[in-house]
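The values are calculated or read from the model by the stated rules, or taken from the named source; none is laboratory data. This one's a predicted model, so the numbers in the text were calculated from it and none came from an experiment. Don't worry about glycine lacking a Cβ; one is built from the backbone with ideal geometry, like all the others, and counts go over all protein chains shown.
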Amino acid sequence: MLVSAKEMLNKARDGKYAVGQFNINNLEWTKSILAVAEELRSPVILGVSEGAGKYMTGFKTVVGMVNGMLEEMKITVPVALHLDHGTFEGAQKCIRAGFSSIMFDGSHYPIAENIEKTKILVNTCDVLGISIEAEVGSIGGEEDGVVGMGECADPKECKAIADLGVTMLAAGIGNIHGKYPANWPGLSFETLEAVKKEVGDMPLVLHGGTGIPADMIKKAISLGVAKINVNTECQLSFAEATRKYIEEGKDQQGKGFDPRKLLAPGAEAIKATVREKMELFGSVGKA
């Protein structure tokens, strides 16, 4: 059964570890992530961008697939299904479809409009018991058509959003979606500390978890980050494993590829990535 992310993130905040959000794009990705979460006894958040939801034919299909897997795979660890970088309209659709958690990314709006739209969604989520993530200061890079320049959030604006009653807050601290460039200056811990001072115990979210050095990850967790998003690293490991399988010419035998065998190496690569990240984040055994 899907759960809100609220309890798992509050426990992570208090226990000084982070819950991983791993974005899903198909059945194979979802199955791999859930299998590792159960194996390691780790809570997990399945992230779905609006583009991925559309690719999988719609949010109701995603909810049905995930709920079916939870039952058929006998998953016992806490699992939240979360909209990633959602629009106001997309968040409403996911609420209706049965998501247990949403993110409304209003970081590209003026702060007054971000507050106005976030407040409406907070009221709805409170009634339904759904967790909600908001964002202040856009994240660098591009994800699903959303482009950010890697701004550092204004701590006072973070407080204004946090005071609305959101479950968790994503504050831009120089983090970037996708691969980090060689000249990346690193995370702004000065900004993170200032945000933490303003929002108190609110669990914080670190987007762009791929490629951030382990010492920065651990320091961010020590400063209140309770949720870390990983997507690009799973994409890269899946693509590389699949490429190698094809180049090695396995499973052809004059009949073409068996799709289940073709996707298997990529699925195993995702398992390895998720396992590594859960161990780094400290969520193993915390279910």
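Among the residues of region 35-53, those that are within 25 Å of residue 259 (Cα to Cα) and in contact with a helix residue (DSSP H, G or I) (Cβ under 6 Å, 6 or more places away or on another chain) comprise 36, 48, 53. Quick one: is residue 212 over 16 Å from residue 168 (Cα atoms) and touching a strand residue (DSSP E or B) at 6+ places or on another chain (Cβ under 8 Å)? Yes; evaluated as a whole, the condition is true for this residue. Within region 74-98, the set of residues being part of a loop (DSSP other than H, G, I, E, B), in contact with a strand residue (DSSP E or B) (Cβ under 9 Å, 6 or more places away or on another chain) and touching a residue at least 60 places away in the same chain (Cβ under 8 Å) comprises 77, 78, 85, 98.
The residues of region 192-216 that are over 14 Å from residue 133 (Cβ atoms), touching a residue at least 60 places away in the same chain (Cβ under 8 Å) and hydrophobic (A, V, I, L, M, F, W, C) amount to a single one, 214.
Condition (residue is at pLDDT 95 or above and under 30 Å from residue 109 (Cα atoms)) applied to region 66-77: is it met by at least one residue? So far as region 66-77 goes, no, none of its residues is at pLDDT 95 or above and under 30 Å from residue 109 (Cα atoms). Given the conditions (1) under 15 Å from the mean Cα position of the chain (by Cα); (2) crowded, with 20+ Cβ neighbours inside 10 Å, report the number of the one that residue 238 does not fulfil. So the condition that residue 238 fails would be (1).
Residue-wise test of (1) of a type in the set (D, E, K, R); (2) in contact (Cβ under 8 Å) with a residue 12 or more places away in the chain; (3) touching a strand residue (DSSP E or B) at 6+ places or on another chain (Cβ under 9 Å).
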{"site": "10", "(1), (2), (3)": "no, yes, yes"}
{"site": "20", "(1), (2), (3)": "no, yes, yes"}
{"site": "27", "(1), (2), (3)": "no, yes, no"}
{"site": "40", "(1), (2), (3)": "no, yes, no"}
{"site": "54", "(1), (2), (3)": "yes, no, no"}
{"site": "61", "(1), (2), (3)": "no, no, no"}
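All conditions but one from (1) at pLDDT 95 or above; (2) under 18 Å from residue 12 (Cβ atoms) apply to residue 216; the one that does not is (1). Where residues in region 1-50 are assigned to a loop (DSSP other than H, G, I, E, B) and of a type in the set (A, V, I, L, M, F, W, C), which of them is surrounded by the most Cβ atoms within 10 Å (Cβ to Cβ)? Residue satisfying both the conditions and the ranking: 5. Restrict the check to region 135-147 and report whether at least one residue is at pLDDT 85 or above and surrounded by 24 or more Cβ atoms within 10 Å (Cβ to Cβ). For region 135-147, residues at pLDDT 85 or above and surrounded by 24 or more Cβ atoms within 10 Å (Cβ to Cβ): present. Among the residues here, residue 276 does not qualify as surrounded by fewer than 18 Cβ atoms within 10 Å (Cβ to Cβ), touching a residue at least 60 places away in the same chain (Cβ under 8 Å) and either in a helix (DSSP H, G or I) or not aliphatic (A, V, I, L, M) (or both).
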